[in-house]
Amino acid sequence: MKEIEERLNEEKQRMASMTAPADFENRLRSALDATPARKHKRRKPYVLMAAVSVLCFMLVSYNYNAVAFYGKKIFGFEEIMTGTMKDLNDKGMGQIIDKKTTLSDGTELTIDGIMTDANQLVMYYTLSNPQGVGDLWGEVFNPDKITGFFTNARAGGGMAKVNDSGTEIKGTTYFDPVSPFSKKLTLHFWQGVKNVEGSITFPYDPNKAMQTQIKQSINEAVKIDQGKVTFKTITATPTSTVIEGKMNVDNFDRIHFGFEGVKLIANGNSVDNLGSGVSGSKFDLRFDGLPQELYSLELAFSEFVGYQKLAEQIPLSDDTHHDLEGKDLWIKRVVTTERGVEITIETDDNLLLDGVSIQNGDKVTPLKTTINQRLEKKVDRFTSERTMVFDTNSMPDNLLIEGIHYVKKYNQKIEIPVE
């Protein structure tokens, strides 16, 4: 039995070290182009299945396997690098590109270098123009996507810094991960005030992509007032940590809070939040890279959107304060205009009234619309002032409220095993 286990381990190591041949992309393209179209429709599914099976095997074998790659440092971007990216750059974990092109206004674009792993591609670029790059540099150069063999990576966020003379910009842009089969990548971008499309192609060495540290299932759900949030997987790479999941939450977009109350805790310390994305019912949460020595990992589901049923009947008068289950409501003024009855209120920023109407005797008039919303900065918080419009000319006696959407404390934790 011991001998069998040793043989299995040897085979596993052999498969993990396999790489695609250097001319794999060109050979595969040529083979696909040379394959004649088949007229027998019944055979097509079997041919496709065979091709997919081969590719799946190669994808498993040909992984991001640069465990100990040390290249050249990317210079000039220290001020816009996070602590994690600085550490990786100091270790030479990027790829020097140094590819240039000239934009429509004469500005020179240089792709200085990239860092890649299974979570993202980070591009470092320079814009330079002796005549000045201008204050609205986003109109000069706006990255859109990176394409290549099996690659269509959309741009996300980024950072940039203009030099004192206004003639040079150093910037970074984050993209979706690229395929390990790509040997050339093409950056697509928009340029100029007329949004003219441009592109630049540069070489890419997938063997210099950084190794994934953690990739495992979570499959834990948290029940909330109006639905459920399920955390599916975690993928940790040197540049970032991505948690993916799905949700079924009826009132998720009723307040502007999102996933701000979900924290990733590593070794007892909070990991910096890099942002989040939502597409339909799917979401992803992005955090900074994890510590090299990892002892514990957990998700803290501290706060999320909640809902509280109410049956409030509030007498209406100017400049009054009311308590809604511990939440503040100020009624600033009540007037009639050509639009109808207008009630200006102020609440905490992340508080939304639900089922609102006004009452005058036996007559109840539902809310028509809300206008003139604006945020105000208080000493310790933001408040939202807005005007509710009701389609009636009769001055009301009471304001009726059926419920509130607000930021609720859930204080739940999900332990993620660390192997």
- Item | Unique match (being of a type in the set (D, E, K, R) and at pLDDT 95 or above) among Asp380, Asp354, Asp362, Asp349 | Asp354
- Tell me, yes or no, whether segment 354-373 has at least one residue that is closer than 30 Å to Ile234 by Cβ and either surrounded by fewer than 15 Cβ atoms within 10 Å (Cβ to Cβ) or out of contact with any His (no Cβ under 6 Å at 6 or more places or on another chain) (or both). no
- segment 182-208: number of residues that are buried (at least 17 other Cβ atoms within 10 Å of the Cβ), in a strand (DSSP E or B) and either among the small types (Gly, Ala, Ser) or not assigned by TED's automatic domain parsing to the domain that holds Thr107 (or both): 1
- Item | Whichever residue in segment 328-348 is surrounded by 15 or more Cβ atoms within 10 Å (Cβ to Cβ) and under 37 Å from the mean Cα position of the chain (by Cα) and, among such residues, is farthest from Lys408 (Cα to Cα) | Thr344
- In segment 100-127, residue nearest to the chain's Cα centre (by Cα) [restricted to those that are in a strand (DSSP E or B) and of a type in the set (D, E, K, R)]: Asp112
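Go through segment 307-386 and tell me which strands (runs of 3 or more DSSP E), entirely inside it, have 1 or more residues that are among the hydrophobic types (A, V, I, L, M, F, W, C), assigned by TED's automatic domain parsing to the domain that holds Gly227 and under 27 Å from Asp250 (Cα atoms).
Fully inside segment 307-386 and qualifying: nothing.
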- Note on the structure: Over segment 266-292, the set of residues β-branched (Val, Ile, Thr) and buried (at least 18 other Cβ atoms within 10 Å of the Cβ) is Val271
- Residue check, Phe175 against (1) in the same structural domain as Ser128 (by TED's automatic domain parsing); (2) farther than 18 Å from Gly277 by Cα; (3) buried (at least 19 other Cβ atoms within 10 Å of the Cβ), all met but one. Which one? (2)
- Message: Quick check on Thr235: is it within 26 Å of Asn89 (Cα to Cα), assigned to a strand (DSSP E or B) and either among the acidic types (Asp, Glu) or more than 19 Å from the chain's Cα centre (by Cα) (or both)?
- Response: no
- Members of segment 73-102 that are surrounded by fewer than 18 Cβ atoms within 10 Å (Cβ to Cβ), among the aliphatic types (A, V, I, L, M) and closer than 16 Å to Leu127 by Cα: Ile80
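The values are calculated or read from the model by the stated rules, or taken from the named source; none is laboratory data. Please read all numbers here as calculations on a predicted model, not as lab measurements. Note: ideal-geometry Cβ built from the backbone for every residue, glycine included; neighbour counts use all protein chains shown.
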